[in-house]
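The values are calculated or read from the model by the stated rules, or taken from the named source; none is laboratory data. Predicted model, so just to flag it, every value in this text is computed and none were measured. With ideal geometry, Cβ positions are generated from the backbone for all residues, glycine too; neighbour counts draw on all protein chains shown.
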Amino acid sequence: MFIISWHELLIPLILNARPDFMTLPVVIASLVGDVHVFFNLMMAICLLALLPTVVLVALLQKYIVEGLSAGAVKG
């Protein structure tokens with residue numbers, strides 16, 4: 001999992017030459033400067049990145065629990 005996460009940062013950072021196409025991990029990493037770290041912007045971007053997932057899980061929670069419990073039944 002670490003290798004996959006590392007590649008999500010490293011590959012777009014190396015191959016992307018235009019700032020218009022920066023991925024979220026690259027944007028978050030770019031907020032770390034030599035002197036100052038923009039923690040407030042980092043947290044805001046992380047919250048916006050997690051928001052669609054939280055909403056999707058909240059909407060589909062019934063089906064997620066149903067699928068997990070159906071897989072746990074023996075026989």
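Here is a list: Leu47, Leu60, Leu41. Which entry is touching a helix residue (DSSP H, G or I) at 6+ places or on another chain (Cβ under 9 Å) and either at pLDDT 85 or above or in the same structural domain as Trp6 (by TED's automatic domain parsing) (or both)? So that I can check it myself, show each step before the final result.
Details: Leu47 fails: touching a helix residue (DSSP H, G or I) at 6+ places or on another chain (Cβ under 9 Å); Leu60 fails: touching a helix residue (DSSP H, G or I) at 6+ places or on another chain (Cβ under 9 Å).
Of the residues listed, the single one that is touching a helix residue (DSSP H, G or I) at 6+ places or on another chain (Cβ under 9 Å) and either at pLDDT 85 or above or in the same structural domain as Trp6 (by TED's automatic domain parsing) (or both) is Leu41.
Answer yes or no as to whether Val37 is touching a Leu at 6+ places or on another chain (Cβ under 8 Å) and either exposed (fewer than 11 other Cβ atoms within 10 Å of the Cβ) or on the phi < 0 side of the Ramachandran plot (or both). Give the steps one after another, and end with the answer.
On the way: touching a Leu at 6+ places or on another chain (Cβ under 8 Å): yes; either exposed (fewer than 11 other Cβ atoms within 10 Å of the Cβ) or on the phi < 0 side of the Ramachandran plot (or both): yes.
Considered against the rule, which asks whether it is touching a Leu at 6+ places or on another chain (Cβ under 8 Å) and either exposed (fewer than 11 other Cβ atoms within 10 Å of the Cβ) or on the phi < 0 side of the Ramachandran plot (or both), Val37 comes out as yes.
What tally of residues in the stretch 33-67 results from selecting those that are of a type in the set (D, E, K, R) and under 26 Å from Met22 (Cβ atoms)?
Just the residues of the stretch 33-67 that are of a type in the set (D, E, K, R), to begin with: 34, 62, 66.
Pick out the ones that are also under 26 Å from Met22 (Cβ atoms) and you get 34.
Summing the residues that are of a type in the set (D, E, K, R) and under 26 Å from Met22 (Cβ atoms) in the stretch 33-67 gives 1.
Among the helices (runs of 4 or more DSSP H) confined wholly to the stretch 4-75, which include 1 or more residues that are basic (Lys, Arg)?
Values: elements: 24-30, 39-59, 61-72.
Answer list for the stretch 4-75: 61-72.
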